[in-house]
Amino acid sequence: MKPRGIDRTSGECVPRVRFWVGVGIFLSSMLAIAEKSWAGDETASNPSRPDPSARARSIDRSIEEGWKKAGIKPAKVASDEEFLRRAYLDLVGRIPNIQEARAFLQTRENGKREKLIDYLLGHPDYPKNFATQWSVLLVGRSNQGRNVDRAALTTWLRKQFGSSRPWNEVVYDLVSSTGSNRENGAVNYVLAHLEFGAVPLTSLTTRLFMGQQIQCTQCHDHPSNEWKQIDFWGINAFFKGMKTREIRKPDATGLEAYDHTELTDEPTDTYVTFDRRNGLVGVAFPRFLDGRKISQGTDVVRRAELGKLIANPNNEFLAKAFVNRMWAHFLGRGFVHPVDDFGSHNPPSHPELLDNLAREFQQSGYDVKRLCRWIMLSRAYQLTSIKAKANEQEEALFAGMQLKPLSPEQLFDSLITATSAHKGGANDEDQRRRDAWLKQFLFAFANDEAEESTSFQGTIPQALMMMNGELMQQALSSKPGSFLGQLVADAQRQSRTPDSYMVDSLYLAALSRHPSAKELGQARQYIEAYPDSLQVLQDLFWALLNSNEFILNH
């Protein structure tokens, strides 16, 4: 139904019609994707499994009990505007575009937050986002040479998240896969960490998939928990027997050139030796962290056996590590902090809740999307970040949403979404420009510690790129096809308050919210005071895109 009071013959009608058509398309898409997502959810056909809302209420009870015991008053519930932006960044790795923001904020449907979550879980940018995140965690951001095909790994991960493959099966493939690093992207994880006798591979595998920091025990027993040298080298022994081979094929000129790398396993009965602090030499055969051993002979493939032990549906290491990492992804901090340092020396803030979520995650068949729903429907996730400065206890008890810096990829994709800066040429040219800018962003903003940022530390190159880099200059362009050019054209077709329309659009595009009355009034004063309103709009847009509100996920 069209809104009342619009003259269909006036210029004002054009942008409004566009808006209401956009609302209809968005809501129809959201409902269709949500229904598809619900259809694939076993909860709908299996009443014995807890529905997302029931699981979220269980989370709420545990979190609220912690607040009560500590005498903490939690923050208020986030506004729709704050929740919308947060959900988009966390699930699809970018802010909503202006049409998506207007459509969600306009609707008054019951349960629209839950519907938005399901819509985003079915969005094609969901697997893209999580594939990007896990590519960084698995192989970092730096160029690791031709033996690591990052694009193949990212493509492989995207397929796994897109098909909702159980997480334990994904992990099994990452740990045990063989073959071509081009055809089987999972192989690239192992290939990226084979130096120094696979010591980096041992450390990263236990951290990412078991939540255990045992890297220091390669040299000595851990000073503050139960891990010993034999535990580190027992895992390292699983990685013996691997062979790599570079495959060369004729290129376009007929000359042989590198084509891809192949990874294979050969059964082995070798053992690992390591130096003890007392001067003696230790010996280790494959042994899992819980003490389980495998055959020491050549009748097994060691890496495949390690994959089975980690991916075993009953392995609590894997379930707890992933639940904790996902909680930290959405809330800014895990039950165990840092996320990969489980142990008696570092107890979880909510041990019973972590145990329950891990058990439910196992029982769900390691369903990543279902875990996302549980967390995002919880009260803790939906609290505002607007509060008095929190102390360490309040942060550990999740009494308000923590501010999370955007990753380089999130920041770049959000800038592109807000400004359409890459558009204005042929499709091929647009894509080349986008790819070139992304490389610049990763160079200026990324660290290579393969970790999500926990604090924002601006640098001079970052500030310069955001203030006057090529991407920002293109974002502020008013040429045909640009965001500002289209905005001015739409505003000129309105017979009433074109200035308010333009200011409101800039805030929605950059910050996914409407301006406050004060912000709107100040912006309109500037526009009215200067004959060149375009320059004022460019200055305002520049300020919004360089604000803390834009570069932080709140």
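The values are calculated or read from the model by the stated rules, or taken from the named source; none is laboratory data. Treat the numbers as computed from the prediction; the structure is a model and nothing was measured. We place every Cβ from the backbone using ideal geometry, glycine too, and count neighbours over all the protein chains shown.
Note on the stretch 88-125: residues that are among the β-branched types (V, I, T) and either under 21 Å from H514 (Cα atoms) or not in a helix (DSSP H, G or I) (or both) total 3.
Just to be sure I understand, how many residues within the stretch 502-554 are touching a Leu at 6+ places or on another chain (Cβ under 6 Å) and not in a helix (DSSP H, G or I)? Selection size over the stretch 502-554: 4. The criterion of at least 1 residues that are under 17 Å from I247 (Cβ atoms) and in contact with a Lys or Arg (Cβ under 6 Å, 6 or more places away or on another chain) is met, among helices (runs of 4 or more DSSP H) falling completely within the stretch 126-191, by 150-162. Inclusion of P348 among residues that are surrounded by fewer than 22 Cβ atoms within 10 Å (Cβ to Cβ), within 23 Å of the chain's Cα centre (by Cα) and assigned to a loop (DSSP other than H, G, I, E, B) is warranted. In this structure, does A103 turn out to be among the small types (G, A, S) and either within 24 Å of K308 (Cα to Cα) or touching a Cys at 6+ places or on another chain (Cβ under 9 Å) (or both)? The answer is no for A103. Among the residues of the stretch 257-273, some residue qualifies, meaning at least one is assigned by TED's automatic domain parsing to the domain that holds T205, among the hydrophobic types (A, V, I, L, M, F, W, C), crowded, with 16+ Cβ neighbours inside 10 Å and not in a loop (DSSP other than H, G, I, E, B).
Every listed requirement among (1) closer than 30 Å to S53 by Cα; (2) of a type in the set (A, V, I, L, M, F, W, C); (3) modelled with pLDDT of 90 or more is met by A390 save one, (3).
The listed residues are F322, F317, F335, and the only one of them that is out of contact with any Pro (no Cβ under 7 Å at 6 or more places or on another chain), aromatic (F, W, Y) and under 24 Å from R61 (Cα atoms) turns out to be F322.
Within the stretch 363-405, the set of residues being part of a helix (DSSP H, G or I) and not basic (K, R) comprises Q363, V368, L371, C372, W374, I375, M376, E392, Q393, E394, E395, A396.
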